[in-house]
Amino acid sequence: MARIDVREITVPAALKSVERVREFVNDYVSGLGLDEEQRLKVELSLYEICVNIALYAYPQVPPGEGEMAVRLWREDGKLVIQVRDKGIPFNPVRKKNPDMLLRLRRGLPGGLGVYFYRTLMDGLTYRRVRGENVLTVRKTL
């Protein structure tokens, strides 16, 4: 259960920071031997998580004044990604899956981010600790 090769980045919770996080994660996963499909699943999942934080976590402050921190490590044959923010509480584990057929028939945009990272990754946990949202996703290596 030892954490191997822990890395972390903290950035403003803004859309302009998402590319920086993507590069940080891609640099980390490039040496893990994931195939292209697995790398894309990790990238899309983290993209959705970070965009949701940038858009919704800090409605009470001007854009970009909140922060999000992304920590990565390997543990027990899995890539673990933990994302923290001090925004409003939001537990994606409790969010129901969308009715995909209804959304497609009606052409409803958005609302799929949590569904994406819930289904693209191999594990998802959430907890609220000392005023922080702590979302952890896992991908089997």
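Identify, by number, the condition in (1) touching a helix residue (DSSP H, G or I) at 6+ places or on another chain (Cβ under 6 Å); (2) over 23 Å from VAL25 (Cα atoms); (3) at pLDDT 95 or above that ASP85 doesn't meet.
(2)
Pairs needed: first member in segment 66-77, more than 17 Å from ARG39 (Cβ to Cβ); second member anywhere, buried (at least 20 other Cβ atoms within 10 Å of the Cβ) and among the aromatic types (Phe, Trp, Tyr); C-beta distance under 8 Å; at least 6 residues apart or different chains.
GLY66/TYR58
Taking segment 33-74 only, how many residues are of a type in the set (Asp, Glu) and surrounded by fewer than 14 Cβ atoms within 10 Å (Cβ to Cβ)? Working first, answer last.
We begin by selecting, within segment 33-74, every residue of a type in the set (Asp, Glu); these are 35-37, 43, 48, 65, 67.
Imposing the further condition that a residue be surrounded by fewer than 14 Cβ atoms within 10 Å (Cβ to Cβ) reduces the set to 35-37, 65.
Total satisfying the criteria: 4.
The values are calculated or read from the model by the stated rules, or taken from the named source; none is laboratory data. Given the structure is predicted, the values throughout are model-derived calculations rather than measurements. Glycine also receives a Cβ, built like all others from the backbone with ideal geometry; neighbour counts cover every protein chain displayed.
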